[in-house]
Amino acid sequence: MSPNKMLLKKDLKEKRELVNIEVDRFLPRKDEYPKQIHKAIRHTLFAGGKRLRPYLLIHSYLLFGNEIRKTLLLAGAVEMLHSYTLIHDDLPEIDNDDYRRGKKACHVIYGPDIALLAGDALLVFAFDAICNAEIDEKMKLNFIRNMALESGHDGLIAGQMVDILSEGKKVEAKTLDYIHKNKTARLINLAIRMGCELAEASEEDLARMEKFGEKLGLAFQIVDDILDIEGDQRSLGKTVGKDKKMNKATYPAVYGLENSKKMAEKYITEARNLLAPYGEKAEILLLLCDFVLTRKF
């Protein structure tokens, strides 16, 4: 493993542990009454995962700020929001996937009814975590509003809805982009924007980092679609081949596998170029770009 990859792997692990500790302290204990829901809430949340979105929030902040403690509960809020979407995505009524993060999905262990409630609870906890963060009240309100906008009927849910409606149909590139800009890129961008705003970055820097987030988010989704074809369940932690089986709207289905790979490389190159003004301060984010493209250390 190269020194750069070792650096990224070590830093990812350190930041993941910091966020996990913060979230663990914030949530009710798994043995609190009613136990079943609290166990279900923690099942997918702490099943693993690299905490990419919290990691992006932390390092976007560190481009312009230096008090990492301020980021941790906010990073946890973004991860709770993300985990809620995963639990709901896996339900039999949506993607019907039995595995997530290398373990059995929440609904397989606890049943679809409790899994649905666990996802709902994590969504609520995400907003509650922002309310409990030690930040300016005006900033809290801004973060709550942004999270609502990005995850609501005109954001993440809109992308999920069009994704469901597009199953089994031949979709145009415009529809595919709509699905994944809303379903994937906007949550990634939310994390980046929260980090930048927490550090009080300039409007120019904020605009630049939002462009970076959109490029990175689309590349992330394209690679996800590619790995559903070429990856394996052990490394991905979820069932592979599901997209084709369910006739989902994916980049390889619309553009072809090789063109999709070229698109992902193009978006990553553009994302890296947007970080150029930050020099060495952006080292970790540059390494993360390379990781998103390969998903390997």
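No lab work stands behind these numbers, since they all come straight from the coordinates. As the structure is a computational prediction, the values presented were derived from the model and not from experiment. Cβ sites come from the backbone with ideal geometry, for glycine too, and all protein chains shown count toward neighbours.
Observations on the structure shown:
- Diffusion constant of the range 3-294 at 4 °C, which comes from Stokes-Einstein with the Kirkwood Cα-pair radius and 1.567 mPa s, µm²/s: 67
- Over the chain, relative contact order from alpha-carbon pairs under 8 Å, at least 6 apart, %: 20
- Amide H contacts under 5 Å for Arg100: Ala105, restricted to partners 5 or more places along the chain or on a different chain, H placed in the peptide plane at 1.01 Å from N.
- Gain on full extension, evaluated as 0.36 nm per residue between Lys211 and Gln233 minus their Cα-Cα distance, stands at 4.8 nm.
- Each stretch of four or more DSSP H residues adds -39500 (n - 2.57); spread over every residue of the chain, this sum gives -22500 deg cm²/dmol at 222 nm.
- Using a Förster distance of 25 Å, the FRET efficiency for Asp128-Glu203 (Cβ separation, nearest 0.05): 0.25
- Span-rule helices in the chain, defined as complete DSSP H runs reaching 20 Å or more along the axis (Cα) with Kyte mean at least -0.5: 72-90, 112-132, 137-151, 203-230
- R0 of 45 Å, Cβ-Cβ distance Asn247-Asn66: FRET efficiency to nearest 0.05: 0.40
- Remark on the range 80-148: ratio of C-alpha radius of gyration to 2.2 N^0.38 Å is 1.31.
- Residue order for Cys196, Cys131, Cys289, Cys106, fewest other beta carbons within 10 angstrom first, comes to Cys131, Cys289, Cys196, Cys106.
- Estimated FRET transfer efficiency (Asp136, Asn96; beta-carbon r; R0 35 Å; 0.05): 0.25
- For the pair Arg145 and Phe297, the difference between a 0.36 nm per residue extended length and the Cα-Cα distance amounts to 51.1 nm.
- Taking every lysine pair in the range 1-100 that is 8 or more places apart or spans two chains, those with Cα atoms closer than 16 Å amount to 9.
- Charged-residue dipole, Cβ positions (Lys, Arg, Asp, Glu), the chain about Cα centre, Debye nearest 20: 840
- Rounded Å value of the spacing that divides the Cα centres of the range 153-174 and the range 242-273: 16
- Between Asp290 and Asp24, the simple spin-label model (points 7 angstrom out along Cα→Cβ) gives 3.1 nm.
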